[in-house]
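Each reported figure results from applying straightforward, stated rules to the coordinates on display, with no laboratory input. Because the structure is predicted, anything quoted here is derived from the model rather than measured. Methodologically, a virtual Cβ is constructed for each residue, glycine included, from the backbone with ideal geometry; neighbour enumeration extends over all protein chains shown.
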Amino acid sequence: MKSQIEELLNHIKGFAPNNKEQAEEFRIALLGKKDKITELFETFKTVAPEQRKEFGQRLNELKNKAQEKISELKDQFESKNETKEQPSDLTLPAENINIGSRHPLSIIRNQIVEIFSRIGFTVSDGPEIEDDWHNFTALNTPADHPARDMQDTFYISENPDIVLRTQTSSVQVHIMENSKPPIRTISPGRVYRNEAISARAHCQFHQVEGLYIDKQVSFADLKQTLLYFAKEMFGEETQIRLRPSFFPFTEISAEMDISCPFCKGNGCNICKGAGWVEILGCGMVDPAVLDNCKIDSKQYSGFAFGMGVERITMLKYQVKDLRLFFENDIRFLKQFKSVV
C-alpha cells in the first residue's frame, strides 16, 4: 500500500497532458466514483492500528496533491481557450460606443455666446438667488410693478427681500456696480418665473442678456449689433424690424422681429402667416439705471437686450413643446448635433 501511494504521488507530479480530454481522464482516474484514491481509503481499513497514523497522513497528502494538480490543469486549459477566442486580426475596428451629445439649449447658448464674442462682448455670470435691489430696484422697477407680485416671482419665504432671479439683468447691475465704462458684456443663465408649465411656458428657463455702455452709444449701434446677430444666427438673408415697446430699465424700448427663416417672409404656420417672428426685447439703458449703479448718465449711455434661449432653440429646430427640453428623453436629445 505504501508503494502504491508513492507511485501515485510521482505520477501526479510528472503528469503533463496535451489536451483537455487527457486532463479529464486523469481527474476521473484519481477522483472519480471508482478512482484509485478511493480504493486506497477502502484498503486503509485493513491497516494495522499502529500504522494507521502514518498511512492516513500519506493518503491525505495524496488526495490534496491530486486536487491541486486538477485545479492547476483546469486553469491552464481555460486560459488557453480564452486565448484562442481572441480575434486573429487585432487591427479590426472596435465595437461602436454610443457617446453623449450636448443638450440643444447648450448648443444654442454656445452659438449665441460665440457670435457676440466675435465683436468684443465678454461673458458675465451671477447668482441665481438675488436680493430685491439687484433684481428689481436698481433696474427701475417700482414697488407697485406687477413683476413684484408673488404670482410672477418666487420669493424666499424666510426673507421677502430675497428672490429667485427673474432675469439675468441682475448680473448687469453687479457688473455696472463693480466696473467702469466701457462695458460690453453678455449674461447667459437660468431664470425663474412663477408661471404654469405648458407647451410655451415654464417656471424655469434660460436667458442671454447683453449690455454695452460707453460714451456716445446710440440706438443705431444697438440696431447694427442686433442685425449682425440675426444674420449670423439665422442666415445672411435675415432682415430685422424693431417695434416700440416698454421695459422699466430701458428708454426707448423695442421688440425685435426677424424675417421668418422658414418661409423667407412669405407667411407660414411657424410665423402664423405674418412673415415675421419675435425673438428678443431691447432698448437704450434708462439714465436712472445708470445713476443707480453710480455711472454718470450725463457722460455715458448704453443699450441692453435680452432673449430667451428656449425661444431661439424652438425656432432653430422647429420644436413646438417647451417641456421637451426638460424631460431628458434620450430619444429627443440625441437628435441634436453641436456645431460650436
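The table that follows gives values for the structure above.
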| read-out | value |
| --- | --- |
| Fewest-first ranking of ILE186, ILE240, using other Cβ atoms within 10 Å as the exposure measure | ILE240, ILE186 |
| Lys, Arg +1 and Asp, Glu -1 on Cβ, resulting dipole of region 104-333 about Cα centre, debye, nearest 20 | 880 debye |
| Förster-model FRET efficiency, 22 Å R0, TYR228 and ILE252, C-beta, rounded to 0.05 | 0.60 |
| Relative contact order (%) - region 104-333, alpha-carbon pairs under 8 angstrom, separation at least six | 21 percent |
| Note, ³J(HN,Hα) from phi for region 318-332, Karplus 6.51, -1.76, 1.60, rounded to Hz, x at Gly and Pro | 6, 8, 9, 10, 4, 5, 4, 5, 10, 8, 6, 7, 4, 5, 7 |
| Cleavage-rule hits (GluC sites (Glu not before Pro)) in region 168-264: DSSP loop, at most 14 neighbouring Cβ within 10 angstrom | GLU195, GLU236, GLU237 |
| The chain: most fluctuating residue of ASP125, ASP291, ASP89 per GNM, C-alpha cutoff 10 Å | ASP89 |
| Rounded FRET efficiency, nearest 0.05, which uses the C-beta distance separating ASN98 from ALA29 and R0 of 56 Å | 0.60 |
| Choice from ASP75, ASP131, ASP144 showing the highest fluctuation, given a GNM over the chain with Cα pairs closer than 10 Å | ASP75 |
| Placed amide H near ARG200: partners under 5 Å, 5+ positions off or other chain | LEU322 |
| Within a Gaussian network of the chain (alpha carbon springs, distance under 10 Å), most fluctuating of THR141, THR185, THR46 | THR46 |
| Structure-derived percent of Cα pairs over 34 Å apart: which label, when the choices are [x] 26; [y] 50; [z] 20 | [y] |
| Percent of beta bridges antiparallel (DSSP, the chain, rounded to nearest 5) | 95 percent |
| Ranked list, fewest to most other Cβ atoms within 10 Å of each Cβ, for ILE28, ILE99, ILE108, ILE115 | ILE99, ILE28, ILE115, ILE108 |
| Over the chain: helical MRE at 222 nm, DSSP H runs n ≥ 4 each giving -39500 (n - 2.57), nearest 500 | -11500 deg cm²/dmol |
| Neighbour-count ranking [beta-carbon atoms within 10 angstrom, fewest first] of CYS260, CYS268 | CYS268, CYS260 |
